[in-house]
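Data block below; observations after.
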Amino acid sequence: MQKILPRQTHRSESSYTVVRVGGNKKNQRKVFLRDTKTRENSPRGCWEACPDLHLDLNIKPSLESCEDTPLLSDVTQPTHSLHTPLLTSTASDMPYNTGWSVFPKEIAINMEKALGGGNLLEVVSVVRGTLKKASNAPVSIAVTGDSGNGMSSFINALRGIGHEEEDSAPTGVVRTTQIPTRYFSPHFPNVVLWDLPGTGAAIQSLENYMEEMKFSQYDLFIIIASEQFSMNLAKLAKIIQGLGKRFYVVWTKLDRDLSTSALLEERLLKNIWENIRETLQNEGVCEPNIFLVSSLEPLLHDFPKLRGTLHRDISDIRYHGPLESLSHIYEKAIKDKVTTCRGKIASKSFDTLGIWNADDLEESLMAYRSLFGVDDESLQQMAQSMGKPMEEYRAIMKSRDLYSVLREDWPLSCMNCNTVSCLYSFLRCIPLLGDFIFNSLRKWKHRRLLEIVAKDTRAILKKILTQSII
C-alpha cells in the first residue's frame, strides 16, 4: 500500500569548491565540486571517477588555467512543502505498467473465431476494440542521470509548469530527489514521469542502481546530462540498451552553455553532440535520439522536437504489445487454415472447399478467396467499415483475379499455358502413371493458389492493424 510522503528535505552538510575551467578569464566557466574530503567518501564524485571525460565547450582544459576559490562551506537543502502531495514509495513497492504482459484470452478467442470463419468485419471489430483499450494504457518513463544534472528541472519543463508551483519537482540543490517520485502531466495523458535519484559516479555501483530502481519495469528512459557526458552515463546507456529499452539523451542547461561559450552557437551545439555520440560509441552503444535543450526555455532549441518524438514513442510503446499479439494470432490462424486446406487438397476433397471443378483455376481462386474472407463482397463490407475505398485493399492483392495471378506468378503461368495443357491431355491417356502425374500437378496448382491467397490475406490484415491505430 502506497504512502503519501513529503518531499525529502534532509541533506548532510558538505563543503563545495568552485573551479574556473578553460581559457582566459572571459571564457572561464564555473563548475561546482564537492570538497576533497567529501568526495573521497562519496560514490557520486564523478569528476574523480572520469577525469578524462570533461567536456570544455571552448578549448581543452589545462591544469594551469584552473584556480580554486572557496565558496560557502555549509550548504543545506531548503525545506519544501506540498499543498498537493505526490504519491511516492520505495522502489520495491512502486506500481508499473509496461503494456499487456498477458494478452486477454477472450480477445484471442474472438480473433481466431473471426479469422476461422473468414469474417473480416468481425476481425475489424476485434482489432478496433483491442487497440482502443491499448491507446489508454499507462506508460512509465524514467528520468535519470548523474546527480545535479537538472533532472527535476527538466521534468518541470516537460510538464509545462514553473518551479514555484505546488506540484512541481523540487529543484535548485544537488541530490534533492532521494527516492523515486512520480509526476503527471495533461500534455501526456496516462503517462507517469518518474524522477529517479541521481546515479553515483562509481561505475561498479550502476548494477546496484539498476536493480534498486527496477529498470526492467520502465518503458522508456531519458538520460539527463549537463557540463559533461561522462563515461558513467555511457555505461548507464549501455545497461538500458541491454534491456532492450528505448532511451533518449537530453543535454540540459544549454542556455548557460550559450551564454558562457565564446564559440558560435552552431559550432557549440556540434561539439556537444559529437562528444555525446563519441562517448556512446566508445561503449558500443547505438546512437539514440539526442536532444540539446534548456529547461528554462522549453519552447526553444530541441524541446519541441523532443515532445513530438516522445508522443510518437509513447504511442508505439502502447500499441507494440497488442499489435504483436494480434499479428501472432492471425499468423497462426492463417497457418492452421492453410494446413487444413492442404489436407483436403491431398485427399481430393475439393467439394468441401467449395470447389466443384478442380481443373477450373478461376473457380478455385474465387473459392479460396471466399474461404479466407478476401472475396470482393467481403472486402467491400470491410472497406466501408474502415472508411476506405475497396480498391485500396485490392491493390495490394495478387489474387484479385486469375489474370493478375498468372501475370505475377510465372511458375503457375507456365503450368497453365497451352503447351502444358496439351501435355496434360496426353498424360491422361497413359494408365496409372498418367493419372498420378496429372493429379500431382493439379494438387500443386491448388497449393500454389492457396499460398497466394493466404499471403494476400496476411497483407490485408496487416493493413487493417496499421489503419486501426488511434
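What pairs in K337/K398; K305/K462; K337/K455; K348/K398; K398/K462 have C-alpha atoms more than 21 Å from each other? Beyond 21 Å between Cα atoms: K305/K462; K348/K398.
Between the amide H of T199 and those of G145, D146, S147, distances stay under 5 Å, these residues lying 5 or more places away or on another chain, with hydrogens modeled in the peptide plane.
3J(HN,Hα) couplings calculated from phi for region 232-241 with the Karplus curve 6.51 cos²θ - 1.76 cosθ + 1.60 (θ = phi - 60°) are, in sequence order, 4, 5, 5, 5, 4, 4, 5, 4, 5, 4 Hz; Gly and Pro show x. In this structure, the residue pairs whose Cα-Cα separation is over 32 Å, taken from K133/K253; K253/K463; K245/K270; K105/K235, are K133/K253; K253/K463; K105/K235. When you restrict to C-alpha pairs under 8 Å that are six or more residues apart and normalise by the size of region 213-252, the relative contact order lands at 56 percent.
Taking every alpha-carbon pair under 8 Å whose residues sit at least 6 apart, region 292-399 reaches a relative contact order of 9 percent.
The slack in the chain from I396 to F436, taken as 0.36 nm per residue of separation less the alpha-carbon distance, amounts to 10.8 nm.
Amide H contacts under 5 Å for L263: none, restricted to partners 5 or more places along the chain or on a different chain, H placed in the peptide plane at 1.01 Å from N. Dividing the mean sequence gap of close Cα pairs (under 8 Å, 6+ apart) by how many residues region 218-334 holds gives a relative contact order of 25 percent.
FYI, it's all coordinate maths here, none of it is from the lab. Quantities reported herein were computed from a predicted structural model and do not represent experimental measurements.
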